[in-house]
Amino acid sequence: MTENPRRRVLRRARHATAGIVITAVAGTAGLAAVAADATGASGPTGGPTTTDTGSRQDPGSRRDASTGTGVTQAPAGQPQATTSAS
Amino acid sequence: MTGCSWRDWSCTVRVLVGGDGPVPDRVADDAARVVRELMQEVEAAVSRFRGDSELERVNDAAPRLLTVGPLTRALVETALAAARRTDGAVDPTVGSHLVALGYDADLDVVRDRVAPTRPTPRAADWTRVVVDHDLGRVGIARGLRLDLGATAKAWTADEAARRVSARHRRPTLVEIGGDVAVAGSAAAPWRVRVAESADAAGEVVGLAHGGLATSSTTVRRWRSATGSGSRTGASHHVVDPATGRPTTGPLRTATVWAPSAVEANTFSTAALVWGEAAAARLALAGVDARLVDRAGAIRLVGSWPAAGRAA
């Protein structure tokens with residue numbers, strides 16, 4: 001049975017619209033993923049976000065993980081310097 | 001390893017240069033020259049006891065802004081950074097309080113007299129200091145005076161150690177009145193005696209990098225007509241900015257390790273002001289410390305090595 005030309009036009013229009021919608025949704029998701037990657041944001045499961053909560057750690061208080069504390073048990077020998085009140 | 005020491009700023013100055021092989025005399029001599037010259041520059045810039053220093057010119061000109069050199073600006077910025085990091089416990093505007101307590105000259109002079117009574121100055125407030133980077137100026141509110149005693153000496157130790165080490169590519173230690181800074185990679189940690197005073201027993205620790213500083217209420221003292229507790233009581237140089245008076249808290253001495261001598265002295269001074277809260281606040285700041293209370297009991301904070309226990 002041949003399809004009514006008018007129905008054919010409507011059917012093709014519906015398919016085209018669905019394709020546009022699908023493409024738009026996929027494109028939006030892709031853009032969101034790119035944006036999230038670029039800003040370091042993450043989804044609702046946690047992880048870093050770009051929101052500034054004002055709770056940055058004082059950079060001066062961070063320890064150097066590669067070297068740790070600078071005060072240790074003293075090596076053998078006489079003291080070379082003194083820290084005391086003067 | 002070689003080095004030399006001398007007296008300046010009413011305290012002992014020491015510079016040690018290490019590294020592989022013997023250290024030529026010319027290196028040791030040059031190291032001492034570098035430290036001396038830097039100390040002279042710092043003194044000319046920010047000494048409270050020199051009327052011609054840039055700092056005193058700024059103090060006397062308050063509340064006007066005065067053009068000063070980059071060294072003075074850097075040292076004032078360092079002092080303000082210390083105030084920020086300690087929530088104002090280390091406040092560079094206590095200068096007028098120190099003057100009111102009689103500490104208006106070199107300590108050797110102050111110790112030989114009873115300081116006269118002076119009017120109580122306005123409350124310290126480090127937020128009333130302005131550094132104008134665009135025009136290279138510094139200013140302070142009327143009634144306040146800058147005193148950079150809690151940071152300038154330590155800054156000098158840090159900078160001197162860095163300069164000597166960079167110049168001769170050797171590990172270097174600089175000690176100025178108990179503020180100890182090291183720079184460069186030494187084969188073994190430097191051995192540093194930690195004590196409340198020069199003649200106290202103390203303990204010896206290793207210093208691999210960063211700085212050590214000790215603040216105490218027991219040594220830099222003088223008689224003052226406005227001293228704490230009595231009409232002619234004893235005063236000391238650690239002033240609580242909140243009261244304008246010498247600290248009276250439970251700690252008498254604090255030694256702190258930090259990534260630099262400036263930070264170490266910032267927190268050792270703050271510890272005496274913070275008193276009972278000091279251990280927690282020092283731990284929060286991520287520094288290591290050895291605290292001595294008024295009874296002589298020692299408390300260690302952070303990763304300070306548990307070795308000697310004598311105060």
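Computed from the coordinates by the stated procedures, all read-outs in this text should not be read as laboratory data. These numbers come from a predicted model, not from an experiment. Don't worry about glycine lacking a Cβ; one is built from the backbone with ideal geometry, like all the others, and counts go over all protein chains shown.
Within 10 Å of each Cβ in B:188-198, how many Cβ atoms from other chains are there, averaged over the peptide? Taking all residues of B:188-198 together, the mean is 6. Peptides A:74-84, B:94-104, B:159-169 ranked from most to least packed, by the mean per-residue count of other Cβ atoms within 10 Å: B:94-104, B:159-169, A:74-84.
Dipole size of chain B about its Cα centre, with +1 on Lys/Arg Cβ and -1 on Asp/Glu Cβ: approximately 500 debye, rounded to the nearest 20.
With each label modelled as a point 7 angstrom along the Cα→C-beta vector, the B:Arg36-B:Leu300 pair spans 4.0 nm. Counting neighbouring Cβ atoms within 10 Å and putting the fewest first, the residues B:Ile298, B:Ile176 line up as B:Ile298, B:Ile176.
For chain B, the relative contact order comes to 16 percent (Cα pairs under 8 Å, sequence separation of at least 6). Once every DSSP H run of n ≥ 4 in chain B is given -39500 (n - 2.57) and the sum is divided by its residues, what mean residue ellipticity at 222 nm do you get, rounded to the nearest 500 deg cm²/dmol? Helix-only estimate at 222 nm: -9500 deg cm²/dmol.
With θ taken as phi - 60° and the Karplus curve 6.51 cos²θ - 1.76 cosθ + 1.60 applied, the whole-hertz 3J(HN,Hα) list for segment B:189-206 is x, 5, 8, 10, 7, 10, 8, 6, 9, 4, 9, 7, 5, x, 9, 10, 10, x Hz, x standing for glycine and proline. Sorting B:152-158, B:179-185, B:16-22, A:7-13 by average packing, meaning the other beta carbons within 10 Å per residue, from highest down gives B:152-158, B:179-185, B:16-22, A:7-13. Once you treat every alpha carbon in segment B:54-103 as an equal point and sum by Debye, what is log10 I(q)/I(0) at q = 0.15, 0.24 Å⁻¹? Calculated log10 I(q)/I(0) at the listed q: -0.47, -1.04.
With the simple model of a label 7 Å out from the Cα in the direction of the Cβ, A:Gln78 to B:Arg64 spans 5.5 nm. Note on chain B: along the principal axes its Cα atoms extend 58, 48, 38 Å, ordered by decreasing extent.
If both residues of a DSSP beta bridge must be in chain B, then about 95% of such bridges are antiparallel.
Amide H of B:Val204: which non-local residues (sequence gap of 5 or more, or other chain) have their own amide H closer than 5 Å, using H built in the peptide plane? Amide H neighbours of B:Val204, under 5 Å, 5+ apart: B:Val194, B:Gly308.
In plain terms, the chain from B:Ala198 to B:Asp112 could stretch by 29.0 nm, reckoned as 0.36 nm per residue minus the Cα-Cα distance.
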